[in-house]
Amino acid sequence: MPADSIPLRLLIVDDHPIVRDGLRGVFDGEEGFEVVGEAADGAQALVCAAQSRPDVILMDLRMPTMGGVEAIGRLRADQPDIRVLVLTTYDTESDVLPAIEAGATGYLLKDAPREDLIRAVRAAAAGQPVLAPTVAQRLMTRVQAPAPAAGPAGEALTDRELEVLRLVASGATNRETARQLFISEATVKTHLLHTYAKLGVRDRAAAVGEAYKRGLLT
């Protein structure tokens, strides 16, 4: 990026201070970038984004108070011009798909080389999708895999809904489920309501029983 260009404005969101410090060090020392803020969780990220109006947000996923997926969804609804590049240590399908579905522009892992991270931020700012190789492979596998079991209306349970249902089946409360998945209790309740509708049931016990019956839980 030319020296006289307006720098890309970045917001760094991660619950680990040492990670935020490291990322700030990367971009403070790189021409064409300006770190305009930091946040320790998704809730703080929403406030900081509204105040600083970044071009790109580097977003971790599993954080207390509000996780990255919920924050991405809210940002997408409230400030759709802001690009979000997920930067996390997790590349499981249950992490990747909800983040992409929520509106993330890209998904990188924290072991990405510095040069790849810098290129990814520039690409994300331009609206270009960026995926870590392992993430791209998981998405390809997902596309090529047989469709999961569906509800009465033919609508399949999402990976996150299945994840919530597995925890419920193990006896976890909504609060415990929210804590383990780094999401809010309200989000857990929403996933459960969607699950009930798709399975044609009215409560947790019936949902678990129906899921075992359909082979969704083993």
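The values are calculated or read from the model by the stated rules, or taken from the named source; none is laboratory data. Since the model is a prediction, treat every value here as computed from it, not as a measurement. For neighbour counting, all protein chains shown are included, and Cβ atoms are generated from backbone atoms with ideal geometry for every residue, glycine included. We work out accessible area using only protein heavy atoms, side chains counted, and drop any ligands, DNA or RNA first. Shrake-Rupley method; radii C 1.70, N 1.55, O 1.52, S 1.80 Å.
A few notes on this one:
- Scanning the range 42-83 for residues that are in contact with a helix residue (DSSP H, G or I) (Cβ under 8 Å, 6 or more places away or on another chain) and of a type in the set (Asp, Glu) gives Asp55, Asp60, Glu70, Asp78.
Conditions tested, residue by residue: (1) out of contact with any Lys or Arg (no Cβ under 7 Å at 6 or more places or on another chain); (2) among the hydroxyl-bearing types (Ser, Thr, Tyr).
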{"position": "Val36", "(1), (2)": "no, no"}
{"position": "Leu46", "(1), (2)": "no, no"}
{"position": "Gln51", "(1), (2)": "yes, no"}
{"position": "Thr88", "(1), (2)": "no, yes"}
{"position": "Pro113", "(1), (2)": "yes, no"}
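- Members of the range 198-208 that are surrounded by 15 or more Cβ atoms within 10 Å (Cβ to Cβ) and not charged (D, E, K, R): Leu199, Val201, Ala207, Val208
- Number of positions in the range 88-131 that are modelled with pLDDT of 90 or more and among the β-branched types (Val, Ile, Thr): 6
- Residue within the range 107-116 that is over 14 Å from Val13 (Cα atoms), over 11 Å from the mean Cα position of the chain (by Cα) and in contact (Cβ under 8 Å) with a residue 40 or more places away in the chain present: yes
- Pick from the range 72-100, criterion closer than 13 Å to Asp14 by Cα and among the hydroxyl-bearing types (Ser, Thr, Tyr), ranking: most open to solvent (accessible area, probe 1.4 Å): Thr89
- Criterion applied to Val84, Val56, Val36, Val121 was being touching a Pro at 6+ places or on another chain (Cβ under 6 Å) and either under 15 Å from Val135 (Cα atoms) or not small (Gly, Ala, Ser) (or both), and the one residue passing it is Val36.
- Residues of the range 104-128 satisfying the condition of being open to solvent by less than 20 Å² (accessible area, probe 1.4 Å) and of a type outside the set (A, V, I, L, M, F, W, C): Gly106, Tyr107
- For Thr134, the conditions (1) at pLDDT 95 or above; (2) part of a helix (DSSP H, G or I) all hold with the exception of (1).
- For the condition open to solvent by less than 30 Å² (accessible area, probe 1.4 Å), out of contact with any strand residue (DSSP E or B) (no Cβ under 7 Å at 6 or more places or on another chain), of a type in the set (A, V, I, L, M) and modelled with pLDDT of 95 or more, Ala40 qualifies.
- When Tyr212 is tested against (1) buried (at least 16 other Cβ atoms within 10 Å of the Cβ); (2) more than 25 Å from the chain's Cα centre (by Cα), exactly one condition is not met: (1).
- Taken together, Val47, Val69, Val35 contain a single residue that is crowded, with 18+ Cβ neighbours inside 10 Å and either of a type outside the set (A, V, I, L, M, F, W, C) or modelled with pLDDT of 95 or more (or both), which is Val35.
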